[in-house]
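These notes concern the structure reproduced below.
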Amino acid sequence: MTIDLLESGRRAVVCAVTGGHARRAHLMNLGIVPGVPVTVIRSERKGPIILEVMGARIMIGQGMSNAIEVR
């Protein structure tokens, strides 16, 4: 399942980051790497998604969020 399918308030663990090299590198620089727990702060069908990763809040677009596979 990808993180864009989770509702606000849900917590999950990153199991894979997919996409091209630049996309994977960008997400990994933000701390989104396999094994890291993330919390969805805000997720709506339109607009960016706000995540909490290792105590920091980050905002990513819908396209970027569908590259983050979680369990």
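The values are calculated or read from the model by the stated rules, or taken from the named source; none is laboratory data. Predicted, not measured: the structure shown is a model, and the values here were computed from it. Cβ sites come from the backbone with ideal geometry, for glycine too, and all protein chains shown count toward neighbours.
On the basis of being assigned to a loop (DSSP other than H, G, I, E, B), at negative phi and not small (Gly, Ala, Ser), does Val38 make the cut? Judged against the criteria, Val38 is not a match.
Exactly one residue among Val14, Val70 is surrounded by 13 or more Cβ atoms within 10 Å (Cβ to Cβ) and in contact with a Pro (Cβ under 6 Å, 6 or more places away or on another chain), and that residue is Val14.
Here are some conditions: (1) modelled with pLDDT under 95; (2) surrounded by 14 or more Cβ atoms within 10 Å (Cβ to Cβ); (3) of a type in the set (Lys, Arg). Arg23 meets all but one. Which one does it not meet? Checking Arg23 against (1) modelled with pLDDT under 95; (2) surrounded by 14 or more Cβ atoms within 10 Å (Cβ to Cβ); (3) of a type in the set (Lys, Arg), the one that fails is (1). Scanning the range 45-71 for residues that are of a type outside the set (A, V, I, L, M, F, W, C), in a strand (DSSP E or B) and over 13 Å from Leu30 (Cα atoms) yields a single hit, Glu69.
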